[in-house]
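Student: Sharing a structure below in structure tokens format, with a few things to ask.
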Amino acid sequence: MHNTLQEYIPHQAIPDVIELLNHDNLVVKIKNERKTRHGDYRKLPNNKHQITINSNLNHYRFLVTLIHEIAHFEAYKSYGRYIKPHGKEWKHTFQKLMLPFLNPSIFPNELLPLLAKHFKNPKASSDTDVKLALALKQFDPPNDKTYIFEVPLGSEFRLYNGRVFRKGVKRRTRHEGVEVASGKLYLFNPNAEVELIPAKAGIL
């Protein structure tokens, strides 16, 4: 597994990551893309601990996600099973584990200030930190997706699950989207990736 992980993380991070993963009862698995999460952690019935990470993440997001999940494991070991999943114990552990990686030999200079700010109070998902999420996505392979903040007002867009919405106004930080089928109103983070539906040509 250690050899496999080397394909997914920045080269300079490999020694420290291998040291963090040097536990007999910790298993890391690479999964196909899951739209609702980048990775997860859980304790297995056999008392082993499992981390899964999506295979489609770029090297920098993969590393952040991996350390995020290792922090769950370490917090469980240090503080027990009754702590909140993303409470103060996890935040402290995540900050401590991530600090050695926050240097220009591992992350590009344009990411480091955003990462430093994020890790003052890490969130349950880096996707909720819009500036950091957008910066990380710049290192993804090109695709045909559009960010919702780029969708024109009143245009329709499609999510990965096929649901179609019509773009509404921007509120303080998020964008309105009305589901076409149900008429229900939803709010989207600006960095949500969607498929823009071309406007139908008028009938002459």
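Student: Can you name the condition, by its number, that GLN138 falls short on among (1) more than 15 Å from HIS59 (Cα to Cα); (2) out of contact with any His (no Cβ under 6 Å at 6 or more places or on another chain); (3) modelled with pLDDT under 95?
Tutor: Going through the list (1) more than 15 Å from HIS59 (Cα to Cα); (2) out of contact with any His (no Cβ under 6 Å at 6 or more places or on another chain); (3) modelled with pLDDT under 95, GLN138 breaks only (1).
The rows are residues; the columns are (1) among the basic types (Lys, Arg); (2) over 29 Å from GLU193 (Cα atoms).
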| position | (1), (2) |
| --- | --- |
| ILE9 | no, no |
| ILE14 | no, yes |
| VAL27 | no, yes |
| LYS88 | yes, yes |
| LEU97 | no, yes |
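Student: Also, I was wondering about something else. Return the residues of the range 58-104 that are aliphatic (A, V, I, L, M) and farther than 17 Å from ALA124 by Cβ; say none if nothing qualifies.
Tutor: We begin by selecting, within the range 58-104, every residue aliphatic (A, V, I, L, M); these are 63-64, 66-67, 70-71, 75, 83, 97-99, 102.
Of everything in the range 58-104, those that are aliphatic (A, V, I, L, M) and farther than 17 Å from ALA124 by Cβ turn out to be LEU63, LEU99, LEU102.
Student: Taking only the range 141-155 into account, find how many residues are under 14 Å from ALA192 (Cβ atoms) and among the acidic types (Asp, Glu).
Tutor: Total meeting the criteria: 1.
Student: From the list VAL194, VAL169, VAL151, which residue is out of contact with any helix residue (DSSP H, G or I) (no Cβ under 8 Å at 6 or more places or on another chain), at pLDDT 90 or above, surrounded by 14 or more Cβ atoms within 10 Å (Cβ to Cβ) and among the hydrophobic types (A, V, I, L, M, F, W, C)?
Tutor: VAL151 is the lone residue from the list that is out of contact with any helix residue (DSSP H, G or I) (no Cβ under 8 Å at 6 or more places or on another chain), at pLDDT 90 or above, surrounded by 14 or more Cβ atoms within 10 Å (Cβ to Cβ) and among the hydrophobic types (A, V, I, L, M, F, W, C).
Student: Taking ALA124 as meeting all but one of (1) closer than 27 Å to ASN47 by Cβ; (2) touching a residue at least 24 places away in the same chain (Cβ under 8 Å); (3) in a helix (DSSP H, G or I); (4) not acidic (Asp, Glu), write down the number of the exception.
Tutor: (3)
Student: A further question follows. Sort out which residues of the range 130-156 are of a type outside the set (Ser, Thr, Tyr) and in a loop (DSSP other than H, G, I, E, B), and write them in order of number.
Tutor: Listed by number, the residues that qualify are GLN138, PHE139, ASP140, PRO141, PRO142, ASN143, ASP144, LYS145, VAL151, PRO152, LEU153, GLY154.
Student: Of everything in the range 157-171, what is charged (D, E, K, R), under 22 Å from the mean Cα position of the chain (by Cα) and in a loop (DSSP other than H, G, I, E, B)? Give them in sequence order.
Tutor: Applying the first criterion (charged (D, E, K, R)) to the range 157-171 yields 158, 163, 166-167, 170-171.
Then keep just the ones that are under 22 Å from the mean Cα position of the chain (by Cα); that gives 158, 163.
Once the filter is applied, which keeps residues that are charged (D, E, K, R), under 22 Å from the mean Cα position of the chain (by Cα) and in a loop (DSSP other than H, G, I, E, B), the range 157-171 yields only ARG163.
The values are calculated or read from the model by the stated rules, or taken from the named source; none is laboratory data. Please read all numbers here as calculations on a predicted model, not as lab measurements. Cβ atoms come from the backbone with ideal geometry, glycine included; neighbour counts cover every protein chain shown.
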